[in-house]
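Remarks on the structure that follows.
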Amino acid sequence: MKQIIRLIQLYWPLFLLVFFEGILFSANFTPHTYLVGWDNMFPEFDLALNLKRTLFATWQEYRGLGYQDGMSHAANLIHYLLLWILSLAIPQQLLRYVFVFGMHLIGGIGMYFLLSNIQRDSSQKPRNDIVPVVALFSALFYQYCFATVQMFYLPFELFLIQFASLPWIFLTLSKFLTYEKKRDAMLFGLVMLLATPQAHVPTVFLVTALAVGMYLLWGLIVSKGASLKRIVLVVGIAFCMNAFWGIPFTYSTIARSSIITGSKNNQIATEDIFEKNHAFGGFVDTAEMKSFALTYIYYDYKKLTNDYIMKPWINHIDAPLVQGVLLSLFSLAAIGFFLAIQKRDTTVAPYALIFLFSFLAIGNDIPIFSSFSWLIRTYVPYVSDIFRFVFTKFFFLYAFSFAILVSYALSELTTWIIKKRQILSVIPICLATIMLLITTIPSFQGNFLYENLRVNIPQEYFQVSSFFKKQPSDGRILVLPMPWYWGWTQYRWGVIGSGFTWFGIRQPLIDRAFDPWSNFNENVYWEFSQAIYEKNAERFAQLVKKYDIRWIMIDENIMHPTNDKALYLSQIDTLLQTNSSIQKEEAYGRIRLYSVGQQTNSTVTMESNVPNIGPSYIWNDNDQAYTDFGPYITTDKELYDIYYPFRSLFTGHEQNEKEFSIKLSNEALTFTGYIPSYFENQEVAKIIPLTGSATFDFQKDPIPTFTVTVPITHGTEAYNSSNTEDLKKLISSCDASRKGKTNAQWENQNNGYRRLESISASTCLDIGIPDLSQRNGYIVVVRSRHIQGRRLFISITNEQTKKTFLESYVTDKRSATDFTNSFFVIPPMDEFGIGYRITMDNLSVDNDTTINDISSVRVYTIPYEKMVGMKIQKSEVGSQRSDSSITLTSVDHPNPAYYKIKIMENGEWKMENTALILSQSFDKGWRAYTIQNAECRMQNFFCRIQNWLSLTFPFLCSWSGLDLHFYHFLSYSSFSKVSRSE
C-alpha cells in the first residue's frame, strides 16, 4: 500500500492526465461506430495486405493504373505494426478511436516529462514543488489548446503521430546533447523510428526536421562548437532511422513533383487554399490559434443541409470572454518569449526561436513579415504547393512551443510571487488552468471529434471486400459514378473524405483519390466521364479494354455535391446493359459488382505489329487513335506510322497547357498543330477539305504545321454576348457564405465591358444558352482583362445532366489595358441533349480585392470529330495484325514492383514485330531484363502503350525460351536469383 501511495505522490500529474483522457474519450466515443472520414487510414481492414504494401511502397500498384509513390507510404510501417499489435486485443471498430486518443495521451505525457526536464536544466531553477504543477499545466495546454482541437477534430493519423512524438523527440535530444550518454542516443533513435509515420506526408517530417535543426544550431552556437560531434551523431541517427522512406521519396520528388503540382486538383486548390490560410494569417487570428478549418462547410446528412463542420466551436470561440482568454494566454507566451531572451536562458531560448518560426509561418498576413512569406512562396520552387495547408503543417509545432513558453512564464511568475507572498503563489497556475478550461469546454461536450465522422460503415462494404478476396488479385476495378474530378467523396450514410475502400480490397482500384498523384489516373476520369455523359456505349467499351478494367463497382451511396442528377446512374446502367461482355455478378445493398469478359492475365499481354502513333499527350478526354486502331505504341525513338495533328483538343487545364494553338480574327478561327518533319510523300497539298484526303511532303525547316480554319459565319457563331444583354444582367454569388463587398458595373458605353469587383466575396455572372444543341462541338471564347487579385474562374455546366464538366481559369496574364482571349473546348455530348450554362466567378477569399473585366463571351461551332480524327499515315501501315507464335508460359508477380515472365515459342517466329506489354502506368523507373542460358541483357527500349502503359520492347533473343524480369528502380523488391530457363 505504501508503494502505491508513493507512486501516486511521485506521478500524480500523470494519473490526472489519464483521468482527463478517460473523460474526453467517454464524451467523444459513440458506441457501434467507426471513426471514419476526411483523411484517414484503415489498414485494420486487412493488416497483412497493407503491411505488405508498406514494404513495397515505392510502386503503388493498387492505386488506379499504378504510379510511383508521391507521398511516403513506406513510412506507415511502424503505424501499421502498432495497429496489428493493438488488434490482438481491441475490436476493429475501436482501433482508430484508441489510436487517436492514445496519441493524444502520449503527447501530453511527453510534454509533462519534457517540461520537467526543461525546468530542472533551466538557469532559472524553480522550486521543486513548482516543477510538477507547471509541467502538468504545460501538458494540458498542449493537449487542449485550440490549435490542437482543430487538428484532432478531423483526425489524420500522421498529424497525430507528430503531436505525440514532438515532446519525446526534444526530450531525448536535449538529454543526449546535455549528458552525452549512449542510452539517450539510443532512445533518441528509437523515438525517431517510432515517429516515422508522420512522414507519410513528408512535409510534416520536414517541419519537425526544421525545428530539430534550429535546436541543434542553437546548441552548436551556445557550445561554441564543442557539441559538433554530438550534433553530427544526432543527424546521422535521424538519417538512418528515416532513410528507408526518405531516399525513395527524394527520388520520387525529383522525378514527379511537376506531375503532382500540375494535377487538376492541385491547380484549382493550391491558390484557393493558400488564400484561405492567408485570410486567417493576421496577428489576432494567429495569436488566437484560428485557422480556416473554421470555414469548412459540408453536407450534414443528419440535417440534410450544408453546414459548418466546426459549428459547435464557432460560436464558442467567437465569444468575447473566450477571445479575451485566448489573447491573455498568448500574452503569457509572449512574456515567456521575452523572458527567455532577456535572461539568456539557454534551455528555453531554442524553443522561443521555434515559437517565432512557427508563429511567422502561420501568420503570413502579419505586416512586414508577410513580405518574407510572399518572397519564399513566389521564388522557391514548390513551396506554395507543399505548404499550402500552412496550419496543418505548423499548428502542432506552434502549440508545442506555445505550451513551453506559457509554462515558462508561469514558472517565473510563480517564483517571483513566492518571494513576495507565498500564499498567493497558486494564483497564476489556477487562473491559467481555468482560462484553458474555458477555451476547451466543447471538447468535453462531445466536440473534440467531428460528430459526423462517428458513423457505422454499411455492411455492404465489408461484403464487397470479402467478394474480392476470392477473386484474382490483378483485376483492376473501376468505381462509378464519377460525380466530379475532386479526390473527395460524399457518401449518403454521412461520411465525406478521401475514401477508404482500397484498404480492404487487394485489386487495383480506380478512384478519384489517386488522381492528383498521376496524370494517367486523372486521364481515366476525363475519358470515362466524356464517354458516359456523351452516352457513347462503344467508346465506353473501348475504354474498359484500354485500361484493362476487369471489374466495375457501382456505388449508389456516392452523392453529388450539388445535384444527384449529375451522377447519371440510369445512363451508366444503360451503358453496362448494352455491353454483352459486362455481366452483373453480385449486389450488396446499394453496391453492384460487374465482371468484364473472360480474361486470363490482366497484367502482362502480348501484341504483334502494333503501330507507332504520335504524338503522346498529357491531357485528353478522347483517344481517337485507340478508337481507330486499338492497341498502339508511342515513342519518338522511331518514326511514327500514324500522326494525329490534333490528338488532344482538351482545355480542362490551364490555358498554357493546350496541346494545340488557336488564333481568332474577325473572319475565322485558326487551329494549328505541329507535325513531324520526316513524313515524305510525292505531292504537296496546300488545302484539304475536311472530308477528303491528300498526299504531301514536309520540309524540315521551318517546323511544319497543320492548320484548320473555321470561317466565322452566321452558321458557326452559336452565341455572341455582344448581341444580348447577358453581360449587363444582375450578378449573383457562387458562394453565399462569403459576406464581403461586391460591385459590378458596365464601363465604357461605346466599347463596353463589365467590371467585376470583390472583397471577401464571390461575384458571379451566369450566361445560359438553353437552345444550344449538344450533338456538336464548340469552342467558348472569353475575352477578359485581369486587373487585380485572382483570375476569372470559368465553369461550364451541362444543363441536361447538371454536371459541371469544365472548370478553369482564364489566361494567366495581368494587364491594366489589354484584353486577352481564353479558349475552352466543349466536345460533343448527348446527341439529343440541349443547353449549356457558362459561369464566370470573380472570387476574393481574403480581404484582398479581386478585379476582372469581361468584354465578350462567344461560342463557335467547330468540326470537333473531324479534327480529332485527322491523321497523317504512312502508306505502308497495315490494318491487320498477325497472331504471335509466342506464348506466356508463366507470370510470377511476388510484389508490386517485380515480375518474372517465362516466354516460350511455338515453332518459328519473328520476334522483332512483337511487343510485351506490362499493364502498369508509364514510368521510366521500370527496367526489363532477359535472362537466357545464364546470359542477362537489359532491355532499354521503352515507350508508352495507348499513352499510359509503362513498357514495351521488341524481343532481341532467338532461343527456344527465355525468362524475362521486370522490376521498378528503387523499389523494396529484392531482385531474386534466376536460373536458366528450360
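The values are calculated or read from the model by the stated rules, or taken from the named source; none is laboratory data. Here the structure is a predicted model, which means the values were calculated and not measured. Every residue, glycine as well, gets a Cβ built from its backbone with ideal geometry; the counts of neighbours run over all protein chains shown.
Taken together, the residues in the stretch 450-482 that are among the hydroxyl-bearing types (S, T, Y), in a loop (DSSP other than H, G, I, E, B) and crowded, with 19+ Cβ neighbours inside 10 Å amount to 1.
Taking residues in the stretch 607-635 that are closer than 20 Å to D923 by Cβ, and partners anywhere that are of a type in the set (K, R) and assigned to a strand (DSSP E or B), the pairs with Cβ atoms closer than 6 Å and at least 6 places apart or on different chains are S616/R944; T634/R944. Cβ separations smaller than 7 Å between residues 6+ apart or across chains give the following pairs from the stretch 336-360 residues that are assigned to a helix (DSSP H, G or I) to residues that are surrounded by fewer than 24 Cβ atoms within 10 Å (Cβ to Cβ) and among the acidic types (D, E): L339/E412.
Candidates M41, M71: the one that is of a type outside the set (S, T, N, Q), within 17 Å of L453 (Cα to Cα) and in a loop (DSSP other than H, G, I, E, B) is M41. Checking each residue in the stretch 636-657 for being closer than 19 Å to F922 by Cα, surrounded by fewer than 21 Cβ atoms within 10 Å (Cβ to Cβ) and touching a residue at least 60 places away in the same chain (Cβ under 8 Å) picks out only K637. Flag set for D628, criterion: surrounded by fewer than 17 Cβ atoms within 10 Å (Cβ to Cβ), at pLDDT 90 or above, charged (D, E, K, R) and closer than 23 Å to I917 by Cβ.
Of note, F99 does not satisfy the criterion of being at pLDDT 95 or above and either farther than 24 Å from A199 by Cβ or outside any helix (DSSP H, G or I) (or both). Based on what the data block shows, is S411 under 26 Å from L136 (Cα atoms), buried (at least 22 other Cβ atoms within 10 Å of the Cβ) and either outside the structural domain of I427 (by TED's automatic domain parsing) or at pLDDT below 95 (or both)? Yes: the conditions hold for S411.
Any chance the stretch 313-332 includes a residue that's in contact with a strand residue (DSSP E or B) (Cβ under 8 Å, 6 or more places away or on another chain) and either within 19 Å of A279 (Cβ to Cβ) or surrounded by fewer than 17 Cβ atoms within 10 Å (Cβ to Cβ) (or both)? Yes: one or more hits. What do you reckon, is G475 over 19 Å from the mean Cα position of the chain (by Cα) and not aliphatic (A, V, I, L, M)? Yes, satisfied. Of all residues in the stretch 207-220, those that are crowded, with 16+ Cβ neighbours inside 10 Å have Cβ atoms under 7 Å from Cβ atoms of residues that are assigned to a helix (DSSP H, G or I) and basic (K, R), 6 or more apart or on another chain, in V207/K393.
Taking the listed residues D345, D300, the one that is of a type in the set (D, E) and in contact with a strand residue (DSSP E or B) (Cβ under 7 Å, 6 or more places away or on another chain) is D300, with no other qualifying. Scanning the stretch 215-225 for residues that are outside any helix (DSSP H, G or I) and under 17 Å from A349 (Cβ atoms) turns up S223, K224. Scanning the stretch 254-284 for residues being buried (at least 16 other Cβ atoms within 10 Å of the Cβ) and free of Cβ contacts under 8 Å to residues at least 24 places away in the same chain gives a total of 0. Taking the conditions (1) touching a Ser or Thr at 6+ places or on another chain (Cβ under 9 Å); (2) within 19 Å of D846 (Cα to Cα) in turn, L326 satisfies each one other than (2). Does V134 satisfy the criteria of being β-branched (V, I, T) and surrounded by 22 or more Cβ atoms within 10 Å (Cβ to Cβ)? So V134 fits the description; yes. Scanning the stretch 491-517 for residues that are among the basic types (K, R), surrounded by fewer than 23 Cβ atoms within 10 Å (Cβ to Cβ) and touching a helix residue (DSSP H, G or I) at 6+ places or on another chain (Cβ under 9 Å) turns up just one, R506. Within the stretch 483-500, the set of residues being touching a Ser or Thr at 6+ places or on another chain (Cβ under 8 Å) and outside any loop (DSSP other than H, G, I, E, B) comprises T489, I496, G497.
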